[in-house]
1. Between a residue in the range 87-108 that is modelled with pLDDT of 95 or more and in a loop (DSSP other than H, G, I, E, B) and any residue that is hydroxyl-bearing (Ser, Thr, Tyr) and within 16 Å of the ligand (Cβ to nearest atom), which pairs come within a Cβ distance under 7 Å, given they are 6 or more apart or on different chains?
2. Going by the structure shown, is LYS204 free of Cβ contacts under 8 Å to residues at least 60 places away in the same chain and within 23 Å of the chain's Cα centre (by Cα)?
3. In this structure, does ASN116 turn out to be touching a Pro at 6+ places or on another chain (Cβ under 9 Å), at pLDDT below 95 and either surrounded by 12 or more Cβ atoms within 10 Å (Cβ to Cβ) or of a type in the set (A, V, I, L, M, F, W, C) (or both)?
4. Being in contact with a Lys or Arg (Cβ under 8 Å, 6 or more places away or on another chain) and surrounded by 17 or more Cβ atoms within 10 Å (Cβ to Cβ), is that true of even one residue in the range 239-247?
5. Answer yes or no: is there a residue in the range 153-169 that is away from the ligand (no atom under 16 Å from the Cβ), closer than 21 Å to HIS244 by Cβ, under 18 Å from the mean Cα position of the chain (by Cα) and outside any helix (DSSP H, G or I).
6. Test each condition in (1) in contact (Cβ under 8 Å) with a residue 24 or more places away in the chain; (2) touching a His at 6+ places or on another chain (Cβ under 9 Å) for SER247 and report the one that comes out false.
7. Could you list all residues from the range 91-118 that are within 16 Å of the ligand (Cβ to nearest atom) and under 14 Å from the mean Cα position of the chain (by Cα)?
8. Go through the range 167-201 and give me each residue that's touching a residue at least 60 places away in the same chain (Cβ under 8 Å) and buried (at least 24 other Cβ atoms within 10 Å of the Cβ).
Amino acid sequence: MPPRRRDRRSHRDPSPSPSRPSGPRASPSSPRLRLAFIVPPLLLLVLTVLHFTGLLSRSPPYPQTPGKTPLSVYDRGLVKRQVSAGEILAEHARVSENRSRRHFPNPVLAYVTPWNSKGYDMAKLFSMKLTHVSPVWYDLKSDRNKLSLEGQHNYDAGWVSELQNSGSLVVPRVVLEAFPGVVLLKKKSRDKTIELIVSECRDKGYDGVVLESWSRWAAYGVLDDPELRQLALQFVKQLGEALHSISSKSSTRNHLELIYVIPAPRMEGPNNQDFGPEDLLQLADSVGGFSLMTYDFSGPQNPGPSAPLKWIQYSLTTLLPAKGSASQVHSHMIFLGINFYGNDFLLSKGGGGGSITGRDFIHLLEKYKPSLQWDDKSSEHFFIYSDKGVRHAVFYPTLLSLSVRLDEAQDWGAGLSIWEIGQGLDYFFDVL
Ligand SMILES: *[C@@H]1O[C@H](CO)[C@@H](O)[C@H](O)[C@H]1NC(C)=O
């Protein structure tokens, strides 16, 4: 097993800023360990007793494996507007016992992060519903002119082959952290970058990779310079073609695949930073698909829904303009982004708050027994609660909000990309 960090700071990762690298971090527990040596023994004893009596634990023990029921969430009548905290608490940890029955027929790409170990288990448990699994393992870095691929220590041979044996393609995510000047300007370094990725795939028997580079290129100004922008797109094409020229080990029918991560278009209108329909057309013949990040619509400074349905529709229409046009043909290449995390925002003057996992959501439901409301405008559920005089708004996916988005993807003939499966509730897998 790879080291499993539980680092709450990182779970919104898909496009961290270059100043906040998402690579391996120092163990967050080390300062606490040091503290343990200076805490008086008596206090330690008291803390230990409190811990074992459960007074300090944040929530009751969370079941590791979901319970089973013969019926799906649809048959159980749980996919609806009128949901109560009590019903979610009673039902979230039970899933349909037939885990190979798919409700969503198109490809499903599931991200798994080392800092949310639950995702590793969920990927194995529901591999029949996941066509692609992307462990978030690699960073391609530059040190002066030297390029290196970091994250090999995350590789877990048993887990990868177990998934491949049950039919999922394993396509780890690689973030191109390297300084764009180093990667893009010289042919030799473009080739070297591609060689590093391709040889890691051969070495570990992966079925390809998911590449994230667009947000870095945007931050470094690459996309504002027409020549650099073209070099950047050429680089993605070259990587896609290099991977595609190799047959996959796990399934001889397939070639290695490149899935390219793209931001959702801004509602304020197009600019250089956007990945537009022409970019999509340019890459379409060389890559296997696009992981479209339709989440993180709101933030602590502008609390609100995670992914309003209208914004999702706008993103798809912008990228795949007129029905029947050339780009429309490519809608099957889109893996529509679906968040399995949510947000707990402060509604005070300065804003604040941030992302929460399913476990946090369950804890909030237990503690505040809030009443959930359906927001028609965004097609998401939310609730409001108060803590120490401060009001909070919580947006977290529900079976209905997921189901509505899955229908939208299906209408377009698109697949899904889920960020990330360790953060969801067990019964979310029933709608897949
Ligand atoms: C599970 O669902 C699949 C697809 O609907 C079906 O073919 C299979 O027979 C089911 N398995 C069981 C054990 O009911």
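The values are calculated or read from the model by the stated rules, or taken from the named source; none is laboratory data. Keep in mind that what you see is a predicted model, and the values were worked out from it rather than measured. Every residue, glycine as well, gets a Cβ built from its backbone with ideal geometry; the counts of neighbours run over all protein chains shown.
1. Here the result reads PRO107/THR131, each pair linking the range 87-108 to a residue that is hydroxyl-bearing (Ser, Thr, Tyr) and within 16 Å of the ligand (Cβ to nearest atom).
2. Judged against the criteria, LYS204 is a match.
3. no
4. No, every residue in the range 239-247 fails to be in contact with a Lys or Arg (Cβ under 8 Å, 6 or more places away or on another chain) and surrounded by 17 or more Cβ atoms within 10 Å (Cβ to Cβ).
5. yes
6. Exception for SER247: condition (1).
7. VAL108
8. Matches in the range 167-201: LEU169, VAL170, VAL171, ARG173, VAL175.
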